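In what follows, a structure is listed as C-alpha coordinates, so that the remarks can point back to it.
The values are calculated or read from the model by the stated rules, or taken from the named source; none is laboratory data. No experiment lies behind these values; they were computed from the predicted model shown. When we count neighbours, we look across all protein chains shown, and the Cβ atoms used for this are built from the backbone with ideal geometry, even at glycine. Protein only, heavy atoms only, side chains kept; ligands, DNA and RNA dropped before computing areas. Shrake-Rupley method; radii C 1.70, N 1.55, O 1.52, S 1.80 Å.
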Amino acid sequence: MLDNRQVSFSGVQPSGNLTIGNYLGAIKNFPYYTENYKCFYCVVDEHAITVRQIPAELRRRTYETLALYIACGLDPEKNTLYVQSHVPAHAELAWILNCFSMFGELSRMTQFKDKSAKHADNINAGLFTYPVLMAADILLYQADVVPVGVDQKQHVELTRDIADRFNQLYPGTFTVPQPIISTSGAKIMSLQEPDKKMSKSDPNENAVVRILDDRDTVIRKFRRAVTDSDSEIRVSEDKPGVSNLITILSCVTGKTHDEIEREFDGQGYAEFKAAVGEACADMLAPVQERYKELLADRGYLESVMKKGAEEAAYYARKTLSKVRRKLGFVSL
Ligand code: TRP
(Lines give C-alpha, C1' and ligand atoms only; values in the text may rest on other atoms or scores of the structure.)
Protein backbone atom coordinates (compact mmCIF):
# COMPACT_ATOMS: atom_id res chain seq x y z
CA MET A 1 0.00 0.00 0.00
CA LEU A 2 1.27 3.46 -0.84
CA ASP A 3 -0.04 6.65 0.76
CA ASN A 4 -2.89 4.55 2.23
CA ARG A 5 -4.28 3.69 -1.18
CA GLN A 6 -4.07 0.29 -2.79
CA VAL A 7 -1.85 0.02 -5.84
CA SER A 8 -3.11 -0.78 -9.33
CA PHE A 9 -0.67 -1.76 -12.08
CA SER A 10 -1.48 -1.98 -15.81
CA GLY A 11 0.79 -2.76 -18.71
CA VAL A 12 -0.23 -1.55 -22.15
CA GLN A 13 1.26 -2.75 -25.42
CA PRO A 14 2.68 0.01 -27.64
CA SER A 15 0.06 -0.20 -30.36
CA GLY A 16 -2.10 2.67 -31.52
CA ASN A 17 -4.78 0.38 -32.82
CA LEU A 18 -7.18 0.42 -29.90
CA THR A 19 -10.83 -0.16 -30.70
CA ILE A 20 -14.07 1.22 -29.31
CA GLY A 21 -14.25 -2.17 -27.56
CA ASN A 22 -11.13 -1.26 -25.57
CA TYR A 23 -12.51 2.22 -25.03
CA LEU A 24 -16.01 1.34 -23.85
CA GLY A 25 -14.95 -1.87 -22.09
CA ALA A 26 -11.89 -0.65 -20.20
CA ILE A 27 -10.43 2.79 -20.88
CA LYS A 28 -13.62 4.58 -19.88
CA ASN A 29 -13.23 3.06 -16.40
CA PHE A 30 -9.78 4.56 -15.87
CA PRO A 31 -10.98 7.61 -13.92
CA TYR A 32 -12.62 5.21 -11.45
CA TYR A 33 -9.23 3.58 -10.82
CA THR A 34 -7.46 6.93 -10.61
CA GLU A 35 -9.85 8.02 -7.86
CA ASN A 36 -9.57 4.80 -5.87
CA TYR A 37 -6.02 3.50 -6.35
CA LYS A 38 -2.46 4.64 -6.77
CA CYS A 39 -2.18 3.78 -10.48
CA PHE A 40 0.80 2.84 -12.61
CA TYR A 41 0.35 2.62 -16.41
CA CYS A 42 3.39 1.25 -18.19
CA VAL A 43 3.95 1.13 -21.96
CA VAL A 44 5.61 -2.27 -22.31
CA ASP A 45 8.19 -1.79 -25.06
CA GLU A 46 10.32 -4.63 -23.66
CA HIS A 47 7.44 -7.06 -24.04
CA ALA A 48 6.93 -5.82 -27.60
CA ILE A 49 10.33 -7.06 -28.78
CA THR A 50 9.41 -10.70 -28.10
CA VAL A 51 8.14 -10.51 -31.68
CA ARG A 52 10.13 -8.73 -34.41
CA GLN A 53 9.61 -4.96 -34.58
CA ILE A 54 10.61 -2.26 -37.02
CA PRO A 55 12.58 0.16 -34.80
CA ALA A 56 11.11 3.40 -36.19
CA GLU A 57 7.61 1.99 -35.79
CA LEU A 58 8.15 0.79 -32.23
CA ARG A 59 9.44 4.26 -31.32
CA ARG A 60 6.51 5.98 -33.04
CA ARG A 61 3.96 3.69 -31.42
CA THR A 62 5.45 4.28 -27.98
CA TYR A 63 4.73 8.02 -28.35
CA GLU A 64 1.33 7.29 -29.89
CA THR A 65 0.26 4.95 -27.13
CA LEU A 66 1.13 7.45 -24.43
CA ALA A 67 -0.67 10.23 -26.34
CA LEU A 68 -3.73 8.07 -26.88
CA TYR A 69 -4.09 7.11 -23.23
CA ILE A 70 -3.74 10.73 -22.13
CA ALA A 71 -6.25 11.79 -24.80
CA CYS A 72 -8.67 9.15 -23.49
CA GLY A 73 -8.59 10.77 -20.08
CA LEU A 74 -5.61 9.41 -18.16
CA ASP A 75 -4.25 12.38 -16.26
CA PRO A 76 -0.43 12.30 -16.03
CA GLU A 77 -0.61 14.45 -12.90
CA LYS A 78 -2.70 11.87 -11.06
CA ASN A 79 -1.30 8.63 -12.49
CA THR A 80 2.23 7.35 -13.05
CA LEU A 81 2.55 6.98 -16.84
CA TYR A 82 5.88 5.72 -18.11
CA VAL A 83 7.78 3.49 -20.51
CA GLN A 84 9.05 0.11 -19.30
CA SER A 85 12.57 0.33 -20.77
CA HIS A 86 13.11 3.65 -18.96
CA VAL A 87 13.10 1.79 -15.64
CA PRO A 88 15.83 -0.88 -15.77
CA ALA A 89 14.56 -2.47 -12.55
CA HIS A 90 11.94 -4.33 -14.62
CA ALA A 91 14.58 -6.27 -16.53
CA GLU A 92 16.65 -6.76 -13.40
CA LEU A 93 13.82 -8.23 -11.34
CA ALA A 94 12.73 -10.31 -14.34
CA TRP A 95 16.12 -12.09 -14.33
CA ILE A 96 15.81 -12.81 -10.63
CA LEU A 97 12.25 -14.10 -11.00
CA ASN A 98 13.35 -16.31 -13.91
CA CYS A 99 15.23 -18.29 -11.30
CA PHE A 100 11.96 -18.80 -9.39
CA SER A 101 9.81 -19.73 -12.39
CA MET A 102 9.48 -23.29 -13.60
CA PHE A 103 9.94 -24.53 -17.14
CA GLY A 104 6.78 -26.62 -16.79
CA GLU A 105 4.52 -23.76 -15.71
CA LEU A 106 5.80 -21.45 -18.44
CA SER A 107 5.22 -24.20 -21.01
CA ARG A 108 1.56 -24.29 -20.02
CA MET A 109 0.84 -20.63 -20.81
CA THR A 110 -1.74 -20.50 -23.58
CA GLN A 111 -0.41 -17.21 -24.97
CA PHE A 112 3.02 -18.82 -25.39
CA LYS A 113 1.49 -21.76 -27.21
CA ASP A 114 -0.56 -19.45 -29.47
CA LYS A 115 2.32 -17.09 -30.21
CA SER A 116 4.80 -19.85 -30.90
CA ALA A 117 2.36 -21.36 -33.39
CA LYS A 118 1.96 -17.94 -35.01
CA HIS A 119 5.69 -17.08 -35.05
CA ALA A 120 7.09 -20.57 -35.63
CA ASP A 121 10.29 -19.14 -37.13
CA ASN A 122 11.08 -17.11 -33.99
CA ILE A 123 10.26 -19.01 -30.81
CA ASN A 124 12.79 -17.08 -28.76
CA ALA A 125 13.46 -17.37 -25.03
CA GLY A 126 11.89 -13.95 -24.46
CA LEU A 127 8.59 -15.20 -25.83
CA PHE A 128 8.85 -18.06 -23.35
CA THR A 129 9.70 -15.88 -20.34
CA TYR A 130 7.32 -13.06 -21.32
CA PRO A 131 5.08 -13.78 -18.29
CA VAL A 132 8.09 -13.55 -15.94
CA LEU A 133 8.78 -10.00 -17.12
CA MET A 134 5.11 -9.30 -16.59
CA ALA A 135 5.37 -10.69 -13.05
CA ALA A 136 8.35 -8.39 -12.47
CA ASP A 137 6.31 -5.39 -13.71
CA ILE A 138 3.57 -6.13 -11.23
CA LEU A 139 5.61 -7.23 -8.20
CA LEU A 140 8.07 -4.31 -8.39
CA TYR A 141 5.25 -1.94 -7.40
CA GLN A 142 3.76 -4.27 -4.76
CA ALA A 143 0.52 -4.01 -6.75
CA ASP A 144 -2.68 -5.08 -5.00
CA VAL A 145 -4.76 -5.23 -8.17
CA VAL A 146 -4.07 -5.77 -11.86
CA PRO A 147 -6.90 -4.81 -14.23
CA VAL A 148 -6.56 -7.01 -17.33
CA GLY A 149 -8.55 -8.55 -20.12
CA VAL A 150 -9.49 -12.18 -19.66
CA ASP A 151 -6.67 -13.25 -22.03
CA GLN A 152 -4.10 -12.07 -19.43
CA LYS A 153 -5.69 -13.71 -16.40
CA GLN A 154 -3.46 -16.77 -16.62
CA HIS A 155 -0.37 -14.55 -16.51
CA VAL A 156 -1.58 -12.79 -13.37
CA GLU A 157 -2.26 -16.17 -11.76
CA LEU A 158 1.29 -17.21 -12.62
CA THR A 159 2.50 -13.95 -11.03
CA ARG A 160 0.67 -14.93 -7.85
CA ASP A 161 2.33 -18.36 -7.88
CA ILE A 162 5.77 -16.82 -8.36
CA ALA A 163 5.15 -14.29 -5.57
CA ASP A 164 3.94 -17.04 -3.21
CA ARG A 165 6.93 -19.21 -3.99
CA PHE A 166 9.34 -16.33 -3.38
CA ASN A 167 7.56 -15.30 -0.18
CA GLN A 168 7.73 -18.87 1.10
CA LEU A 169 11.52 -18.76 0.84
CA TYR A 170 11.90 -15.08 1.76
CA PRO A 171 8.88 -14.10 3.85
CA GLY A 172 7.27 -10.70 3.43
CA THR A 173 8.86 -9.75 0.11
CA PHE A 174 5.96 -9.28 -2.32
CA THR A 175 2.31 -8.31 -2.20
CA VAL A 176 0.34 -11.08 -3.91
CA PRO A 177 -1.79 -9.29 -6.53
CA GLN A 178 -5.41 -9.90 -7.52
CA PRO A 179 -6.45 -9.83 -11.17
CA ILE A 180 -9.47 -7.63 -11.91
CA ILE A 181 -11.20 -8.86 -15.02
CA SER A 182 -13.35 -6.05 -16.31
CA THR A 183 -16.90 -7.32 -16.40
CA SER A 184 -18.47 -3.98 -15.55
CA GLY A 185 -17.42 -2.49 -18.86
CA ALA A 186 -19.45 -3.56 -21.85
CA LYS A 187 -18.43 -6.44 -24.08
CA ILE A 188 -18.41 -5.07 -27.62
CA MET A 189 -18.68 -7.58 -30.44
CA SER A 190 -17.37 -7.59 -34.02
CA LEU A 191 -19.53 -5.62 -36.46
CA GLN A 192 -19.18 -8.39 -39.05
CA GLU A 193 -19.36 -11.54 -36.90
CA PRO A 194 -21.33 -10.40 -33.87
CA ASP A 195 -20.84 -13.62 -31.91
CA LYS A 196 -17.09 -12.89 -31.77
CA LYS A 197 -15.53 -10.21 -29.56
CA MET A 198 -14.32 -7.08 -31.39
CA SER A 199 -10.57 -7.65 -31.71
CA LYS A 200 -7.93 -5.08 -32.58
CA SER A 201 -6.13 -7.67 -34.71
CA ASP A 202 -9.14 -8.72 -36.78
CA PRO A 203 -7.98 -8.91 -40.43
CA ASN A 204 -11.38 -7.64 -41.57
CA GLU A 205 -11.20 -3.85 -41.03
CA ASN A 206 -14.99 -3.53 -41.36
CA ALA A 207 -15.41 -5.60 -38.20
CA VAL A 208 -13.62 -3.13 -35.91
CA VAL A 209 -14.08 0.55 -35.17
CA ARG A 210 -10.84 2.09 -33.98
CA ILE A 211 -10.57 5.04 -31.61
CA LEU A 212 -8.58 6.86 -34.29
CA ASP A 213 -10.87 6.11 -37.26
CA ASP A 214 -12.06 9.32 -38.89
CA ARG A 215 -15.72 10.29 -38.92
CA ASP A 216 -16.53 8.97 -42.41
CA THR A 217 -14.84 5.66 -41.68
CA VAL A 218 -16.76 5.22 -38.42
CA ILE A 219 -20.06 5.95 -40.13
CA ARG A 220 -19.27 3.68 -43.07
CA LYS A 221 -18.30 0.76 -40.83
CA PHE A 222 -21.56 1.04 -38.91
CA ARG A 223 -23.52 1.31 -42.15
CA ARG A 224 -21.99 -2.02 -43.21
CA ALA A 225 -22.54 -3.69 -39.84
CA VAL A 226 -24.20 -7.10 -40.03
CA THR A 227 -27.77 -7.17 -38.72
CA ASP A 228 -30.41 -9.74 -39.68
CA SER A 229 -33.31 -10.27 -42.04
CA ASP A 230 -36.18 -8.86 -39.97
CA SER A 231 -36.31 -5.18 -39.16
CA GLU A 232 -36.98 -4.94 -35.44
CA ILE A 233 -34.64 -2.90 -33.28
CA ARG A 234 -34.57 -4.84 -30.03
CA VAL A 235 -32.11 -6.78 -27.87
CA SER A 236 -32.48 -10.51 -28.33
CA GLU A 237 -30.22 -13.56 -28.30
CA ASP A 238 -31.19 -14.43 -31.87
CA LYS A 239 -30.31 -10.88 -33.01
CA PRO A 240 -26.62 -10.60 -32.04
CA GLY A 241 -25.83 -7.88 -34.60
CA VAL A 242 -28.68 -5.57 -33.62
CA SER A 243 -28.12 -6.29 -29.91
CA ASN A 244 -24.46 -5.30 -30.23
CA LEU A 245 -25.38 -2.00 -31.91
CA ILE A 246 -27.88 -1.26 -29.13
CA THR A 247 -25.20 -2.01 -26.51
CA ILE A 248 -22.76 0.32 -28.26
CA LEU A 249 -25.30 3.13 -28.50
CA SER A 250 -26.24 2.61 -24.88
CA CYS A 251 -22.59 2.86 -23.73
CA VAL A 252 -21.98 5.92 -25.86
CA THR A 253 -25.10 7.86 -24.87
CA GLY A 254 -25.82 6.48 -21.39
CA LYS A 255 -29.38 5.60 -22.46
CA THR A 256 -30.81 2.24 -21.40
CA HIS A 257 -31.59 -0.53 -23.88
CA ASP A 258 -35.32 0.08 -23.31
CA GLU A 259 -35.02 3.77 -24.08
CA ILE A 260 -33.16 3.01 -27.29
CA GLU A 261 -35.71 0.38 -28.37
CA ARG A 262 -38.53 2.87 -27.81
CA GLU A 263 -36.71 5.72 -29.54
CA PHE A 264 -36.15 3.66 -32.71
CA ASP A 265 -39.45 1.80 -32.69
CA GLY A 266 -40.76 1.62 -36.26
CA GLN A 267 -37.54 2.90 -37.87
CA GLY A 268 -35.43 0.86 -40.28
CA TYR A 269 -31.95 -0.54 -39.79
CA ALA A 270 -30.40 2.04 -42.11
CA GLU A 271 -31.53 4.96 -39.94
CA PHE A 272 -30.58 3.14 -36.77
CA LYS A 273 -27.10 2.26 -38.00
CA ALA A 274 -26.56 5.84 -39.16
CA ALA A 275 -27.54 7.08 -35.68
CA VAL A 276 -25.10 4.70 -33.94
CA GLY A 277 -22.33 5.79 -36.33
CA GLU A 278 -23.00 9.48 -35.70
CA ALA A 279 -23.08 9.04 -31.92
CA CYS A 280 -19.88 7.06 -31.94
CA ALA A 281 -18.09 9.58 -34.18
CA ASP A 282 -19.24 12.39 -31.86
CA MET A 283 -17.84 10.55 -28.86
CA LEU A 284 -14.47 10.02 -30.57
CA ALA A 285 -14.04 13.53 -32.01
CA PRO A 286 -12.71 15.26 -28.87
CA VAL A 287 -10.41 12.31 -28.08
CA GLN A 288 -8.94 12.48 -31.59
CA GLU A 289 -8.48 16.23 -31.44
CA ARG A 290 -6.62 16.00 -28.12
CA TYR A 291 -4.56 13.10 -29.49
CA LYS A 292 -3.40 15.17 -32.47
CA GLU A 293 -2.39 18.08 -30.26
CA LEU A 294 -0.44 15.80 -27.93
CA LEU A 295 1.33 13.98 -30.72
CA ALA A 296 2.47 17.28 -32.19
CA ASP A 297 4.16 18.09 -28.88
CA ARG A 298 6.90 15.53 -28.39
CA GLY A 299 8.57 17.72 -25.77
CA TYR A 300 5.50 17.44 -23.59
CA LEU A 301 5.18 13.68 -24.10
CA GLU A 302 8.85 13.25 -23.21
CA SER A 303 8.38 15.30 -20.06
CA VAL A 304 5.53 12.99 -19.06
CA MET A 305 7.73 9.94 -19.75
CA LYS A 306 10.56 11.41 -17.75
CA LYS A 307 8.48 12.33 -14.72
CA GLY A 308 6.73 8.95 -14.86
CA ALA A 309 10.01 7.04 -15.07
CA GLU A 310 11.41 8.94 -12.06
CA GLU A 311 8.33 8.22 -9.98
CA ALA A 312 8.25 4.57 -11.00
CA ALA A 313 11.98 4.14 -10.36
CA TYR A 314 11.55 5.45 -6.83
CA TYR A 315 9.09 2.67 -5.92
CA ALA A 316 10.90 0.03 -7.99
CA ARG A 317 14.18 0.74 -6.23
CA LYS A 318 12.65 0.08 -2.83
CA THR A 319 11.40 -3.36 -3.84
CA LEU A 320 14.58 -4.24 -5.68
CA SER A 321 16.86 -3.43 -2.77
CA LYS A 322 14.69 -5.53 -0.49
CA VAL A 323 14.90 -8.42 -2.96
CA ARG A 324 18.68 -8.09 -3.31
CA ARG A 325 19.14 -8.06 0.44
CA LYS A 326 16.94 -11.13 0.95
CA LEU A 327 18.76 -13.05 -1.78
CA GLY A 328 22.18 -12.41 -0.27
CA PHE A 329 23.58 -10.08 -2.92
CA VAL A 330 26.35 -7.86 -1.55
CA SER A 331 25.36 -4.21 -1.45
CA LEU A 332 27.96 -1.50 -1.67
N1 TRP B 1 0.81 -8.77 -21.37
C2 TRP B 1 -0.12 -7.68 -21.33
C3 TRP B 1 -0.93 -7.64 -22.65
O4 TRP B 1 -0.52 -8.20 -23.63
C5 TRP B 1 0.58 -6.36 -21.16
C6 TRP B 1 1.28 -6.32 -19.84
C7 TRP B 1 2.63 -6.34 -19.63
C8 TRP B 1 0.67 -6.20 -18.57
N9 TRP B 1 2.90 -6.22 -18.32
C10 TRP B 1 1.72 -6.15 -17.63
C11 TRP B 1 -0.66 -6.13 -18.14
C12 TRP B 1 1.47 -6.06 -16.26
C13 TRP B 1 -0.91 -6.06 -16.77
C14 TRP B 1 0.15 -6.01 -15.85
O15 TRP B 1 -1.95 -7.03 -22.70
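Assorted remarks:
- With every protein chain in place and a 1.4 angstrom probe, the accessible-area ranking of Lys322, Lys306, Lys38, largest first, reads Lys306, Lys322, Lys38.
- Taking region 283-332 as the region of interest, the number of lysine pairs whose Cα atoms are within less than 21 Å, with members eight or more places apart or on different chains, is 4.
- Helix 153-169 vs. the chain, principal-axis angle (Cα, 0 to 90°, nearest 10): 20
- Among 206-215, 220-229, the order from most to least packed when residues are scored by Cβ within 10 Å on average: 206-215, 220-229
- Between region 95-159 and region 220-246, the alpha-carbon center distance in angstrom: 38
- With all protein chains in place and ligands, DNA and RNA left out, the 1.4 Å accessible area ranks Glu193, Glu64 as Glu193, Glu64, largest first.
- Accessible surface ranking that places the most exposed of Ile233, Ile181, Ile49 first, with a 1.4 angstrom probe: Ile49, Ile181, Ile233
- Solvent-accessible area of Glu205 with every protein chain in place, 1.4 Å probe, in Å² to the nearest 10: 80
- Above-threshold pairs, the threshold being 32 Å between Cα atoms, out of Lys38/Lys187; Lys153/Lys273; Lys115/Lys187; Lys78/Lys187; Lys113/Lys273; Lys78/Lys153: Lys153/Lys273; Lys113/Lys273
- Here the Karplus curve 6.51 cos²θ - 1.76 cosθ + 1.60, taken at θ = phi - 60°, turns the phi angles of region 21-32 into couplings of x, 4, 5, 6, x, 9, 4, 4, 7, 4, x, 4 Hz, with x standing for Gly and Pro.
- Computed with every protein chain present, the accessible area of Arg165 is close to 70 Å² [probe 1.4 Å].
- Solvent-accessible area of Ile54 with every protein chain in place, 1.4 Å probe, in Å² to the nearest 10: 100
- Note on region 140-183: Rg/Rh from C-alpha atoms, Kirkwood Rh, equals 1.01.
- Shape of region 114-188, Cα gyration tensor, a/c cut at 1.5: oblate
- Highest-first packing order for the peptide set 131-140, 277-286 is 131-140, 277-286, based on the mean count of other beta carbon atoms within 10 Å.
- Hydrodynamic radius of the chain per Kirkwood, over alpha carbon pairs, in Å: 21.4
- Residues whose amide H falls under 5 Å from that of Cys39, counting only those 5 or more places apart or on a different chain, are Ser8, Thr80, with hydrogens built in the peptide plane.
- Residues with amide H under 5 Å from that of Gln178, placed H, sequence gap 5 or more: Val145, Val146
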